[in-house]
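Shown next, in structure tokens, is the structure this report addresses.
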Amino acid sequence: MPPTDTVATASDSTPVIVGCRRTAIGRAHPQRGMFRHVRGDELAAAAIAAAVEASGVDRQSIEDVILGCTQQRGEQGGNVARAAALMAGLPLSAAGTTVNRLCGSGLEALARAAHAVRAGAERVVVVGGVEHMHHLPMDSAIDFHPRVLSRSSRGALSMGLTAEHLAASAGIERQRQEAWALESHRRAAAAATAGLFDGEIVPVQAHDEAGALIRATRDQSIRADTSAAAMARLEPVFLPGLGTITAATSAPVSDGAAALVVMARGEALRQGLQPLARIVATAVVGVAPAAMGTGPVPATRKLLDRAGVGIGDIDLFEINEAFAAQVIHNVDALGLDPARVNVHGGSLAIGHPLGASGARIATTLVHSLARGGGRLGVAAMCVGLGQGIAVLLERESS
Amino acid sequence: MSTRPHGDRDTGDVPAGSDGAESWVFETLRADCDPAGIVTATIHVPGHRHNVVTQTFLLDLEALLDQLDTGLPPLGLILASGRPGSFFSGADIGRLETLLRAAPPDIEWICQAGRDLFARLASRPWPSVAVIDGACLGGGLEIALACDARITTSAPHTALGFPEVKLGLMPGWGGTVLLPRLVGPGAAVEMIAAGESIDGPTAARLGLADACVPPQQAMAAARSLIDWLRADNSHMARRRRLAGTVDIDPAERDFLAATSAAVIAGRTGGHYPAPPAVLDTIIAGLDLRATAAAKIESKAFARLVTSPVARNLVRVFRLGERNRRDTGVAAGDAAGTVTTPTRPAVVGAGIMGAGIAAAHLRSGFAVSLIDIDRDALARAVPGILEEAAWDRATRRADPARAGALAGQLRTATQTSLLSDADLVIESAVERSDVKLTLLRDIETVVGPTAVIATNTSTNPIARLARALRDPGRFCGLHFFNPVRRMTLVEVVRGPATTDATVAVAVAHAKLLGKCPIVVQDSPGFLVNRLLMPYLHESVEMLREGTPATRIDRVARRFGMPLGPLELYDLIGLDTAFYAGLVLAEAYGDRIEASPVIPALVRAGRLGRKSGGGFYDHSHDRAERPQADASATIAPLVAPYRLPERSTPDASIADRLFLPVVLEATRVLEEGIVRDGNDVDLAMIHALGFPPFRGGLLAWADALGAAEIVRRLEPLADLGPRMQPTPRLLALAASGGRFTE
């Protein structure tokens, strides 16, 4: 274990998180999705405004806004980070940029801010992510050059097929996947019922199935009433008749946004703010596109190696659940105790709004650590076309 | 190239041109060396409509390479076609059929010899470029791949592909070795295992071609490539790369193998060995150098060539080819002088009439559609235009095209519009009184040379012909539903129908993109007569207690696109009932009208169109479209239960298909069709009989007549329908074959 920095000075450029909020996550469904009448940029603006408000940061000190987003067009086009910052009422002096590491975009935004702050380049940066997968479906308007795939295959563009292959080659049976998904829903439902998400969710206007105006305070895809029997009845989605992966063991397509305020610890001290967590290290890796689900494993190893931390020292893991098979593979390969992984449920239950999910799991992790869930936490994600990204956070003792 | 001297190969070196440049002329190609030193070899294989890879071409290519080795080396070689629209359209099927009879070691030697020849191209110091304008398929694409670079053209006729799997084969001259090394294994598996072609721009994007240019730029582009390749000798680097192993991550290789195997298994149902062989060959060759990988290809190729599926698929290809050339009548005046109609008309705007009218529009005809019911016409027109303007690629009708086609469709409620028609296809309801009246009307309006046809499945042509003063110009033209999808058309000859009428009907059906078969007038004609025992037997088994799902599953596993009871639901049980009455009346000794069908009809279970027949059908896409309805059906079948009979799966297939073989022997005995080839073509095109089995009679031949007799023995108690026919017994005794 490296020594924990505790003494903060005004020149301390250690990147810390001082506030984070997310919207509830909606189903990306044209009739039932609670955000079907709400735009992605509105969700992003709501998350940014709430995170800034919660952090108490001096708004004039915000230098940049970095949002992750995979479908940067339409309502998420033209640099949605800048657009959302303007909508959120940030000072005109706060700049904005939008980044894309596909599913890892939200964590990428956090990592870039950390690097900038650590380098002394910026002092205060708002980061986050947004994705409205109903309005802008994940595979629309993408036209990969065939030569991108000359070292892979077209099947590798189907995340579901890569997960099926992972399940088959790692021997992860359907039953085990469904048990994980069931537990994900159970934990998420319990956390929601216990009010554990209340501190991280900013209510935004939405519509229920009948069209009535509501305040969205609860993630729409969490099912408290789901059962192993109900899951067992579903047809495989990606390999009908052959596969093991169903709608229950794939993350639901979702709409949502999340934002965090990152700043230099010295600046937080100067502004009289209490940091929630510091960003210790970040790591990205490339893997075979067909093995995209394995990405979190080498990314986490590289991350811990970089930080000089043993895997046994990590109290909490947030590993994005794109597929149950993928997260089970990651947990097995890293030798993790499932009790420490996604303690409040994962994206299988909460939903996976692609570009937002990294910021969402980081937000959930910061709140879990702050609640006393532990000192060190890792957020990790698999990324399409073969990547992994991981970020190590440490609670800032209050 | 207005004059093409066909030089002798041994003395092919003929000086030509006045500028001192050289030319060499061979039977299938001509090479011209320009003053700069670039040789352009132009391919023109005589005796075929398109360029095909013949033995002569291979010898000519070898001779050209010999020539180029003797003198001053050229700067580079451009390989192009002298035939617009065809670089190489594939293999010489005659040569392929010879290959089917060869022994595996000889086949492997032939593969090796071809590869060695192509390898000579890649071992010269100078670069070579193929200019691909038009079809470049199979062995032709392998020749193009043997060049250092390729230019494709953006012309719509340019198509590159390996269609071998469609004949149960795979590339045998290094296609499975070079393509993955050029475009990556994933794209290579997709292209070779599926057998679909790609256009010029796609080939360039894939990296299969270096560039795609307009046809008039192609030769200049090829020259530029030769310059550029020479400038840095990069053709040598390319050759080294293609000779080596494939750079692919093991995880990607395993993923490609597993996912492609699943896709292929889903598409082929395990019935077609070529696509999985392509996959295995490509995967096995990835970690090997090209020469070693090629040996694996040769062995796999030889295995496929000697497989029964390849033999069957080549046979089916030949049947189609023969049908396209067939005039439908014996050689003579009628066959020689067919004037196809230019002013066709359809009478009757029901489902069939509308489908036939749409087929005309789609094939570029202006067509008249007559129906006495103005509302029926109005209802039919939008559907006709949508069907005619349907774009298969976008899966929707092209509105601009529909608008243009509207001008080609004339509608009227009076038969007077028919006065200038030269072909009238009557397609009114299946009632002989209505048809007789209509046909009489039609004949009074049309000119004396117009051909009159009726689209019917149940009315004897001889009876309908009585309405006409000139029955010689009359025939049946039996389309199948849905017209847009069903390619088979029965041209039915009445006793008075002339050869000239038949020839016109056959030629016209071909212009509609259909596959016409001439059938003598008889109940059920050919297709429904062969369909009858198949459908009938499925209901008999149901009555004996065999579940519908099992019967259909066995049929599908046999290779049928639908099981017989599923087919009932598609046809409509009411329609099947009426058609069945006619057949039962004619062939009552072996087929009775099953009481189960009217029982279901009375219960409102008409099939898909009523939401349920033997199965429940749902239009909700979220649900399975077809669901087991055995609980609903059981009480309807119960009054007609037959003694319980345990039928194993193998016996289900025998019971479904052997009575069809028996019926086919009767059809042949009666001379309803000319020969067994027409039976097989009809079974494949109209009933979806699996092509990998080569056709019904090819399947029967694979069993052998004696074996069929043996398999019928335990079924003898089922009655006359399982009795061997004299023709079958004769074949069993002589060891003869059903097909030639």
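The values are calculated or read from the model by the stated rules, or taken from the named source; none is laboratory data. Quick caveat: nothing in here was measured; it's all calculated off a predicted structure. Every residue, glycine among them, receives a Cβ derived from its backbone with ideal geometry; neighbour counts consider all protein chains shown.
Note on the range A:226-257: residues that are in a loop (DSSP other than H, G, I, E, B) and within 14 Å of another protein chain (Cβ to nearest Cβ) total 13.
When the helices (runs of 4 or more DSSP H) confined to the range B:566-640 are screened for residues that are at pLDDT below 90, over 30 Å from residue A:234 (Cβ atoms) and within 33 Å of the chain's Cα centre (by Cα), those reaching at least 1 such residues are found at B:573-586.
Scan the range B:117-156 for residues that are assigned to a strand (DSSP E or B), touching a Lys or Arg at 6+ places or on another chain (Cβ under 9 Å) and within 13 Å of residue B:172 (Cα to Cα) and report the count.
Taking the range B:117-156 as the starting set, the residues that turn out to be assigned to a strand (DSSP E or B) are B:128-132, B:135-137, B:149-153.
Add one more test, that the residue is touching a Lys or Arg at 6+ places or on another chain (Cβ under 9 Å), and what stays is B:129-132, B:136, B:149.
If we keep only those that are within 13 Å of residue B:172 (Cα to Cα) too, we end up with none.
Count: 0.
Here is a list: B:298, B:307, B:234. Which entry is of a type outside the set (A, V, I, L, M) and under 26 Å from residue B:676 (Cβ atoms)? Testing whether each residue is of a type outside the set (A, V, I, L, M) and under 26 Å from residue B:676 (Cβ atoms) leaves just B:307.
Please work out if residue B:543 is more than 26 Å from the chain's Cα centre (by Cα) and at pLDDT 95 or above. Can you show your working first?
Numbers: more than 26 Å from the chain's Cα centre (by Cα): yes; at pLDDT 95 or above: yes.
Against the criterion (more than 26 Å from the chain's Cα centre (by Cα) and at pLDDT 95 or above), residue B:543 qualifies.
Residues that are surrounded by fewer than 24 Cβ atoms within 10 Å (Cβ to Cβ) and more than 16 Å from residue B:423 (Cβ to Cβ) within the range B:341-375 comprise B:350, B:351, B:362, B:371, B:372, B:373, B:374, B:375, listed in sequence order. Test of understanding: among B:47, B:114, which residue is within 25 Å of residue B:162 (Cα to Cα) and either in a loop (DSSP other than H, G, I, E, B) or not assigned by TED's automatic domain parsing to the domain that holds residue B:298 (or both)? From the options B:47, B:114, the qualifying one is B:47.
Yes or no, residue by residue, for (1) surrounded by 24 or more Cβ atoms within 10 Å (Cβ to Cβ); (2) outside the structural domain of residue B:643 (by TED's automatic domain parsing):
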position	(1), (2)
B:514	no, yes
B:532	yes, no
B:537	yes, no
B:543	no, no
B:550	no, no
B:556	no, no
B:562	no, no
B:570	no, no
B:599	no, no
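Confirm whether residue B:455 is over 19 Å from residue B:515 (Cβ atoms) and not aliphatic (A, V, I, L, M). No, not satisfied. Among residues of the range A:281-299 being more than 14 Å from chain B (Cβ to nearest Cβ) and buried (at least 24 other Cβ atoms within 10 Å of the Cβ), the one that is nearest to residue A:324 (Cα to Cα) is A:296. Counting only residues that are under 20 Å from the mean Cα position of the chain (by Cα), among the basic types (Lys, Arg) and closer than 17 Å to residue A:257 by Cα, give me the strands (runs of 3 or more DSSP E) lying completely in the range A:1-114 with at least 1 of them. The strands (runs of 3 or more DSSP E) meeting that bar are A:15-22. Annotation: residue B:235 fulfils all but one of (1) of a type outside the set (A, V, I, L, M); (2) within 11 Å of chain A (Cβ to nearest Cβ); (3) touching a Pro at 6+ places or on another chain (Cβ under 9 Å); the unmet one is (2). Evaluating residue B:435 against the criteria (1) crowded, with 18+ Cβ neighbours inside 10 Å; (2) free of Cβ contacts under 8 Å to residues at least 12 places away in the same chain leaves one unmet condition, (2). Could you look through the range B:512-540, keep only residues that are of a type in the set (S, T, N, Q) and under 22 Å from residue B:486 (Cα atoms), and pick out the one that is modelled with the highest pLDDT? Per the stated criteria, the residue is B:520. The residue that is farthest from the other protein chains (Cβ to nearest Cβ), among those in the range A:143-157 that are surrounded by 13 or more Cβ atoms within 10 Å (Cβ to Cβ) and assigned to a loop (DSSP other than H, G, I, E, B), is A:152. Residue count for the range B:438-461 under the criterion of being loosely packed, with under 15 Cβ neighbours inside 10 Å and either among the acidic types (Asp, Glu) or closer than 26 Å to residue B:532 by Cα (or both): the result is 0.
Consider the range B:152-191 and keep the residues that are surrounded by fewer than 23 Cβ atoms within 10 Å (Cβ to Cβ) and under 18 Å from the mean Cα position of the chain (by Cα). The one that is farthest from residue B:310 (Cα to Cα) is B:161. Candidates in the range B:241-271 are the residues that are assigned to a loop (DSSP other than H, G, I, E, B), in contact with a Leu (Cβ under 9 Å, 6 or more places away or on another chain) and in contact (Cβ under 8 Å) with a residue 60 or more places away in the chain; of these, the one that is farthest from the other protein chains (Cβ to nearest Cβ) is B:246. Go through (1) in a loop (DSSP other than H, G, I, E, B); (2) at negative phi; (3) surrounded by fewer than 24 Cβ atoms within 10 Å (Cβ to Cβ) and name the single condition residue A:222 misses. Every condition holds for residue A:222 apart from (3). Restricting attention to the range A:73-87, the residues that are in contact (Cβ under 8 Å) with a residue 12 or more places away in the chain and either under 19 Å from residue A:37 (Cα atoms) or β-branched (Val, Ile, Thr) (or both) add up to 8. For the range B:480-512, residues that are over 27 Å from residue B:656 (Cα atoms), of a type in the set (Val, Ile, Thr) and surrounded by fewer than 23 Cβ atoms within 10 Å (Cβ to Cβ) total 1.
Condition first: closer than 22 Å to residue B:275 by Cβ and charged (D, E, K, R). Can you find one or more residues in the range B:137-158 that meet it? Yes, the range B:137-158 has at least one match.
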